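Accompanying notes for the structure given below.
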C-alpha cells in the first residue's frame with residue numbers, strides 16, 4: 001500500500017489562481033519560499049500594518065492540538081464572516097446550513113482552546129481581504145478549499161499524535177469536516193462530494209503535512225506561524 | 001504498506017524505541033541500514049514482531065482490526081453492487097445513479113486495499129460473508145424502493161464512520177497504516193453526507209442534514225442503534241453548549257462531533273445483514 005501523496009496543486013492556491021488572478025504571483029511566491037517567511041510581503045498593498053507576532057505552535061501533542069486550533073480558528077472566522085454577509089444567489093436553506101457549519105467550527109475551536117488551556121496559542125488575526133463575500137461562487141469555492149484542506153490536515157496529523165485519546169478527538173472532528181466538505185462540494189456541483197480531485201483510485205482521501213497545510217493557509221492568516229516544533 | 005517507513009517513524013519520534021527492543025537492537029540497526037535489500041516476503045512478519053515488542057500490539061491484533069474493517073467494506077461493496085445492478089429500476093435520475101456508482105467504486109477499492117494490506121502482513125483476508133440486505137425481511141424492498149435503499153445506505157455509511165473511529169485508537173502511532181485508515185474514514189463521511197443530502201432533496205427526510213443532529217436517524221426506530229450516543233454534547237468532560245462562556249445550541253454541539261461505536265455495537269448493527 002502506498003500513501004498516495006501525489007503532487008497536486010494545493011487546493012487554495014488553485015482556487016486563488018482561478019478566482020483571483022491578482023494573487024497568482026503572491027501564491028507562487030509563498031510556494032517557492034517553501035514556508036511562511038514571506039507572509040508579510042503578501043499582505044494587501046494598501047495595508048501598512050506589519051505582520052503580527054510570531055505564533056509558536058509548540059511541540060508534540062500540544063503542538064498538534066495548537067495546529068488544529070489554528071485551523072479551526074480560521075474556519076470559524078470564515079463562516080462567521082459568511083453568516084454576516086449578504087450573498088447574492090445563496091438560498092435560505094444554504095445560509096441556514098452554512099450557519100450550522102459556523103457553529104460546528106466554533107465548537108471545535110472552543111473545545112481545542114479549552115483542552116489546551118494555558119498551552120493554547122493566541123487568537124489569530126485572519127485576512128480575508130482576497131475573498132468576495134457577496135458572491136455565492138467565491139464563498140463556496142473558498143469554503144470547499146478550507147474544508148478539503150481541513151480534512152487533509154487532520155488525516156495527515158493523525159499519525160503524529162502520541163495519545164490515543166487525542167487521536168479519537170481528531171477522529172470525531174475530521175469526519176464532521178468531511179461532511180462539510182461533501183456538502184459544500186455538492187452545493188457547487190451536485191455529485192462532486194468525493195470526486196477524483198480528493199479521492200484516489202484506492203478510495204483514499206488526501207493527507208497533507210502541517211507544512212503543506214500551513215503554506216496553503218498562510219495568505220489568510222496575518223500572524224506568522226512557527227510550526228518547527230511539530231513532530232514530522 | 002511501507003513498514004520500513006513506520007519503523008523509521010517510530011525510531012525518529014521515540015528515541016527509546018530501539019532500546020526497548022534491545023534484544024533486536026543490532027539486528028534492527030542492520031535492518032534499517034539494509035532496508036533496500038529486504039524483500040516484502042520477509043518484512044511483514046518482522047515488522048509485526050517489532051510492534052509486539054514495542055507496544056504490546058501484535059501483528060494478529062492489527063490483522064484482526066483490518067479484517068473487522070474489511071467485513072464492513074464487504075458489506076458496503078456488496079450492497080452497492082446489488083444496487084447498481086438494479087439501478088435502472090431502483091435509482092431515479094443520472095445524478096443519483098452516478099453518485100451510487102461512485103460510492104460503490106470506493107467501497108470496492110477499500111475491499112481490495114484492505115485485502116492487500118492484510119496479505120502483506122501475512123494475514124488472511126476474511127472472505128466476503130453471505131449477506132441478506134433485507135435484514136431478515138425488515139427491508140424487504142431495499143433494492144426496489146428508493147426510499148428504503150437510501151435509508152439503508154445512510155445507516156451503513158454512518159455506521160462505517162463510527163466504526164473506524166471506534167478502533168482508530170488501537171492504531172495510535174501506527175504510521176502509514178493509521179493514515180490509510182483515516183483516509184478511508186473521511187471518505188465514508190463524505191459518502192454519508194451525500195446520501196443524507198440525497199434523502200433531503202428527494203423529500204425522504206425533509207429536515208435531515210449532511211451531519212448527524214442529536215441521535216436522530218431521520219429513518220425510524222429500526223436503525224436507532226446506528227445513532228445511539230450521537231446526542232453526546234460533552235467532550236473530554238467539557239459541556240460544549242456552554243463552553244468558555246459561549247452559547248452553542250445542543251443541536252450544533254452534537255453535530256460538531258461524530259461519536260465512535262465499539263466493535264460489539266457495530267456487530268450488533270450489521271449482524272442481521274450477515275447470513276454466514
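Once a ≥ b ≥ c are taken as the square roots of the eigenvalues of the Cα gyration tensor of region B:86-148, is the result rounded (a/c under 1.5), prolate (a/b larger than b/c) or oblate (a/b not larger than b/c)? Since a/c reaches 1.5 but b/c is at least a/b, the shape of region B:86-148 is classed as oblate. Remark: relative contact order (region B:138-262) = 25 percent; criterion is Cα-Cα distance under 8 angstrom and separation of 6 or more residues. With 5 Å bins beginning at zero, the pair-distance distribution over Cα atoms of region B:80-232 amounts to 2, 8, 16, 21, 20, 16, 10, 6, 2, 0 %. For the peptide A:156-163, the mean number of other protein chain Cβ atoms found within 10 angstrom of a residue's Cβ is 6. The alpha carbon centroids of region A:176-213 and region B:205-276 are separated by 22 Å. What is region A:82-210 by shape, rounded, prolate or oblate, if you read a ≥ b ≥ c off the alpha carbon gyration tensor as root eigenvalues and call it rounded for a/c under 1.5, prolate for a/b larger than b/c, and oblate otherwise? Note, shape of region A:82-210 comes out oblate. Using C-alpha pairs below 8 Å separated by at least 6 residues, the relative contact order for region B:89-209 is 21 percent. The overall shape of region B:119-169, judged from the alpha-carbon gyration tensor, is oblate: a/c is not under 1.5, and a/b is no greater than b/c.
We did not get these values from a lab; they are worked out from the coordinates using the rules stated. Since the structure is predicted, the reported quantities are computational estimates derived from the model, not experimental observations. All Cβ positions, glycine included, derive from the backbone under ideal geometry; neighbour counts span all protein chains shown.
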